[in-house]
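Everything below concerns the one structure shown next.
The values are calculated or read from the model by the stated rules, or taken from the named source; none is laboratory data. Keep in mind that this is a model prediction, so the values were computed, not measured. Heads up, the Cβs are rebuilt from the backbone with ideal geometry, glycines too, and the neighbour counts pull from every protein chain shown. Heads up: the accessible areas ignore ligands, DNA and RNA and are worked out on the full protein's heavy atoms, side chains in. Shrake-Rupley method; radii C 1.70, N 1.55, O 1.52, S 1.80 Å.
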Amino acid sequence: MPETLFRKVWDRHAVRTLANGQTQLYIGLHLIHEVTSPQAFDALAERGWPVKAPHRTFATVDHILPTRSVARPLVDPMAETMTAALERNCRAHGIPLFDPASGNQGIVHVIGPELGLTQPGLTITCGDSHTSTHGAFGAVAFGIGTSQVRDVLASQCLAVSPLRVRRITVTGRLAPGVYAKDVILAIIHTLGVGGGAGFAYEYGGDAIDRMSMDERMTICNMSIEGGARIGYVNPDQTTIDYLRGRRFAPAGDAFDRAAAWWRTLASDAGAPYDDQVTIDAGRLAPMVTWGIDPGQSVPVDAAVPRPDGLAPADRARLAEAAAFMDLTPGRPIAGTRIDVAFIGSCTNGRLSDLREAARVVAGRRVAAHVRALVVPGSQAVAAAAAREGLPDIFQAAGFEWRHAGCSMCLAMNPDRLEGREVCASSSNRNFKGRQGSPTGRTLLMSPAMVAAAAVAGEVVDVRQVALAGASA
Ligand code: SF4
């Protein structure tokens, strides 16, 4: 019987079906960080339990880490306490910790793939909802809460309900200036922020086939913003080429054997899907969110939507968003003044993202009223960018170049909006208060679009600014 990758991986990790219909699922890789693990470790300590599989558990520090200086003790006592707790727990249980001294610290969803920990066919959990990122490799990867972090630490298993699978076929060639970020924003806009509830999203089609692993990670990363706990891409040659030679990937003959097996995990021709959707990416323009959820987006050359013809609930949501954002329905989104430009996060803090943004800012200056920062997704990304001279380009333009971390994606560290500031951001959430100020406003877009906005001081179409010869 033809099967989807989701079903193949799920069934291979199913320990048993529980009385309530859930599956006891074995977890192949558990990634932890400083924010959602302390209480989980405390729960184990209260019972005197060990970590079941420390060799399948890897840690880093990302959410609370300041990006100006990582000198210890950290200035924020809470951040220092959480970091110290992670260090203590990792030492006690023999869990590898990628801290700043390791040279491999970074956002958990950036370092997993770049270290080769993330591999096809794994079940992967982490106490962060953007764990869906790792599905780009053909893994079944999903975010969990602190009590589930405890469960995985204690048993390496989790009780979870199976999902249906929606195949999203993305066709067409992306136009210059249009990126994976625009594709996933368009998908979320089309299917809705709750449209993926109960589904795993399988992304395929010629547009996905052509994408790099960085681009596929951007797509899978934001699956959760469309309500899908899991997003994945079937493993192919691009996946295999990315993983070859990575630190934790198999080596030598074992890699070739693994690669042959990974290929068998891809969804079979004729596999049954619970739903199928096709998106023509060749028609997309750069996208910008105008509202307070990632589904409230428009092409950069369009206007903030009007309420005409909407259902009452949608009208109310639109009115709430427009009022909070102080945007007028019917007015173009282009020209919206920004105060802050943020390039980073697990969605768009990888080397290819920084390259594209640097192409836009090279030889230009950030607008005088804009505070602009680049935060690499990992120390490895920062080092690779430095080898290409990207920090110099950004700093010459007036950007701040920071240490790796989550930074302004969620502002659990000193990087945050003040008051009613408007931020052009390459991150993944534009909820009220997400970037640290309860009244701060977030406009999600691609890193290249953020770069263009930083220079213009307002939302602007990157295609009109600086993309001669750029690739999508
Ligand atoms: S960058 Fe944002 S979404 Fe990603 S792991 Fe950090 S806080 Fe979570």
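Per the listing Ile168, Ile111, the residue uniquely touching a Phe, Trp or Tyr at 6+ places or on another chain (Cβ under 9 Å) and either in a helix (DSSP H, G or I) or not assigned by TED's automatic domain parsing to the domain that holds Arg12 (or both) is Ile111. Look at (1) touching a residue at least 24 places away in the same chain (Cβ under 8 Å); (2) away from the ligand (no atom under 16 Å from the Cβ); (3) out of contact with any Gly (no Cβ under 6 Å at 6 or more places or on another chain) and you find that Arg387 fails only one, number (1).
Taking the listed residues Tyr242, Tyr203, the one that is at pLDDT 95 or above, part of a helix (DSSP H, G or I) and farther than 9 Å from Ser132 by Cβ is Tyr242, with no other qualifying. Let me spell it out: the conditions are (1) assigned to a helix (DSSP H, G or I); (2) surrounded by fewer than 21 Cβ atoms within 10 Å (Cβ to Cβ), and Ala175 meets all of them except one. Which number is the exception? Every condition holds for Ala175 apart from (1). Return yes or no: is Ser345 farther than 20 Å from Leu444 by Cβ, buried (at least 24 other Cβ atoms within 10 Å of the Cβ), within 16 Å of the ligand (Cβ to nearest atom) and not hydrophobic (A, V, I, L, M, F, W, C)? No; evaluated as a whole, the condition is false for this residue.
Restricting segment 33-87 to residues that are β-branched (Val, Ile, Thr) and part of a helix (DSSP H, G or I), which is farthest from the ligand (Cβ to nearest atom)? Taking the candidates together, the pick is Thr81.
Filtering segment 364-383 to residues that are aliphatic (A, V, I, L, M) and within 16 Å of the ligand (Cβ to nearest atom) leaves Leu373, Val374, Val375, Ala380, Val381, Ala382.
With the condition kept exactly as written, say whether any residue in segment 231-249 is of a type in the set (Asp, Glu), within 16 Å of the ligand (Cβ to nearest atom) and open to solvent by 10 Å² or more (accessible area, probe 1.4 Å). Within segment 231-249, not a single residue is of a type in the set (Asp, Glu), within 16 Å of the ligand (Cβ to nearest atom) and open to solvent by 10 Å² or more (accessible area, probe 1.4 Å).
For Ala334, indicate whether it is more than 16 Å from the ligand (Cβ to nearest atom) and touching a Ser or Thr at 6+ places or on another chain (Cβ under 8 Å). Taking the combined requirement at face value, the residue does not satisfy it.
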